[in-house]
Amino acid sequence: MSAHPSATRQLKRRLGSRVDTSRAGCWAASFDSSKISFLPEAVVTPLKEEDIGVALELANKHRVPVTVRGRGTTLMGSAAPVRGGWVIDMLKLKKIKIDADAGMAHAQAGATTADIQRAAAAQGWFYPPDPSSKEYCTIGGNIACNAGGMHGGKYGVTRDFIVALRGFLPTGEYVEWGTATKKFAAGFNLRDLWIGSEGMLGIVTGAVLKLIPQPATRWTLLTAFADEVAALQAARTLFRARVQPAICEFLDRESVLCAERAMQTTIFPGQAGRPVILLEFAGGVSEIDDLKFEVLAWAQANAAAFKEARSREEAEQLWAVRRKCSGAMFELGDAKLNEDIVVPMRNYEKFARFLARLKRSSQLHIPTFGHLADGNLHVNIMYHRENPTETHAAELAVQTLMETVVSLGGSISGEHGIGLAKTPFLRIQHSPAQVKAMQAVKKALDPRGICNPGKMFEVVRIWKYPKLQIKLPWDHK
């Protein structure tokens with residue numbers, strides 16, 4: 001039964017067929033990749049950006065909760081309508097225009113990251129942020145959680161490529177933060193306030209994105225090491241030499257073993273389960289040719305084994321281990337707490353030793369992989385949901401993980417955001433004064449609390465909720 005029947009009737013009168021109140025339509029918008037379902041009262045699919053202003057004006061007037069949805073790839077429950085109300089689905093708002101002279105992309109919030117990359121590449125430009133779900137996730141969602149990806153260490157994350165934003169305040173008023181210029185210093189920088197705000201301060205409908213020239217060539221190298229500490233020490237040695245990979249992916253022993261079993265092969269013959277670092281370098285042809293000598297010398301001195309790609313086809317073969325590892329982890333448990341923490345480079349080895357202790361004390365498998373160039377590691381605490389002992393151990397392990405990460409000077413999230421899943425840990429990262437300041441901003445821009453309520457500040461232990469048994473298109477499993 002609708003909690004806001006009058007408001008929903010007015011919404012349907014104003015927007016007609018763009019509003020879906022059917023059971024099937026509402027159920028499809030009731031969950032994201034966290035697979036925790038909360039049924040909304042209506043789903044609005046705008047055909048033009050102005051439709052969002054109409055919906056927000058009514059929602060604000062009648063205090064109807066509003067949750068924005070891209071494709072629902074977020075693992076944090078950020079797009080789940082936990083308070084019901086209305087879901088605004090950005091599916092139809094996906095126009096992309098490349099300004100080839102200025103090196104900028106003009107994209108609506110529903111455009112996928114991969115489509116933006118392809119449109120830019122067709123005109124010789126490159127949009128570097130690359131979440132693993134880029135074929136499905138939208139630029140609006142990327143902006144909402146400040147998404148990163150494997151290119152973050154060299155090129156930066158979503159925030160570093162936002163020139164300007166447009167959209168609507170929770171009141172339904174249209175706003176623009178910045179313009180399509182390379183310089184803008186007129187007033188408060190509310191553009192950056194919206195980036196990473198998870199749809200809680202307004203709704204992004206479009207963005208101007210900075211592009212960079214396409215690199216002329218790429219070179220890929222896969223390296224294996226005796227253990228995790230040796231791998232992380234070697235990575236720091238490379239960075240200290242001022243070598244900047246476009247991609248520097250680390251996989252620990254458990255991640256590699258899972259991938260090897262899934263591929264039914266050993267990456268380095270006779271050396272099963274070695275932790276690996278996968279490197280990709282991008283730049284000018286002569287630059288990469290010169291770099292190869294230095295990097296191969298580093299590999300010879302530090303790695304237990306290595307192999308380089310001599311073509312893009314060989315590079316794709318080397319990438320197989322990285323692509324397979326996440327889905328293959330489900331042989332270790334039917335549930336995972338996937339935490340995208342960030343560790344300062346100076347504490348890489350300390351963190352590796354901590355993880356080894358955590359695996360022993362919890363008696364759980366905790367395969368870990370991620371982006372060494374910026375310290376953003378994906379720690380996967382694997383357990384069996386129906387096993388009370390393992391479930392309790394996973395809860396204790398994730399708490400210990402977050403406390404340790406912050407004590408090492410790191411972050412509880414690098415690219416996933418807070419949403420629902422990380423609400424128990426927000427106050428480990430932030431002091432009461434910091435949380436109060438964020439809540440004051442929320443109150444100022446959304447005084448009636450309609451935009452994505454129930455997220456970030458209210459503690460939810462998402463692992464205690466029943467999960468939908470469904471397979472989504474972007475699922476690794």
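The values are calculated or read from the model by the stated rules, or taken from the named source; none is laboratory data. From a predicted model like this one, the values you see are computed outputs, not experimental measurements. Glycine gets a Cβ as well: all are built from the backbone with ideal geometry, and neighbour counts include every protein chain shown. Just so you know, the surface numbers come from the protein's heavy atoms only, side chains and all, with ligands and any DNA or RNA stripped out. Shrake-Rupley method; radii C 1.70, N 1.55, O 1.52, S 1.80 Å.
Residue-level analysis places Q300 outside the set of residues that are free of Cβ contacts under 8 Å to residues at least 24 places away in the same chain, farther than 30 Å from N146 by Cβ and surrounded by 13 or more Cβ atoms within 10 Å (Cβ to Cβ).
Restricting attention to segment 434-455, does a residue exist that is of a type in the set (D, E, K, R), over 24 Å from N146 (Cα atoms), in contact with a strand residue (DSSP E or B) (Cβ under 7 Å, 6 or more places away or on another chain) and open to solvent by 20 Å² or more (accessible area, probe 1.4 Å)? The answer is no; no qualifying residue exists. All of Y348, Y383 fail the test of being of a type in the set (S, T, Y), open to solvent by less than 20 Å² (accessible area, probe 1.4 Å) and more than 30 Å from T237 (Cα to Cα), apart from Y383. For K292, the stated conditions hold: it is open to solvent by 10 Å² or more (accessible area, probe 1.4 Å), touching a Leu at 6+ places or on another chain (Cβ under 9 Å), among the charged types (D, E, K, R) and not in a strand (DSSP E or B). On the stretch given as segment 4-41, residues that are among the aliphatic types (A, V, I, L, M), part of a loop (DSSP other than H, G, I, E, B) and out of contact with any Lys or Arg (no Cβ under 7 Å at 6 or more places or on another chain) total 1. When you look at A3, is it touching a residue at least 40 places away in the same chain (Cβ under 8 Å), aliphatic (A, V, I, L, M) and surrounded by fewer than 19 Cβ atoms within 10 Å (Cβ to Cβ), yes or no? Answer is yes for this residue. Scanning segment 457-477 for residues that are loosely packed, with under 14 Cβ neighbours inside 10 Å and outside any loop (DSSP other than H, G, I, E, B) yields one hit, K464. It is to be established whether one or more residues within segment 89-101 are without any contact (Cβ under 8 Å) to a residue 40 or more places away in the chain and part of a helix (DSSP H, G or I). Within segment 89-101 (the criterion being without any contact (Cβ under 8 Å) to a residue 40 or more places away in the chain and part of a helix (DSSP H, G or I)), the answer is no, since none of the residues qualifies.
Determine whether D192 is within 23 Å of the chain's Cα centre (by Cα), open to solvent by less than 10 Å² (accessible area, probe 1.4 Å) and modelled with pLDDT of 95 or more. For D192, the condition - within 23 Å of the chain's Cα centre (by Cα), open to solvent by less than 10 Å² (accessible area, probe 1.4 Å) and modelled with pLDDT of 95 or more - is not met.
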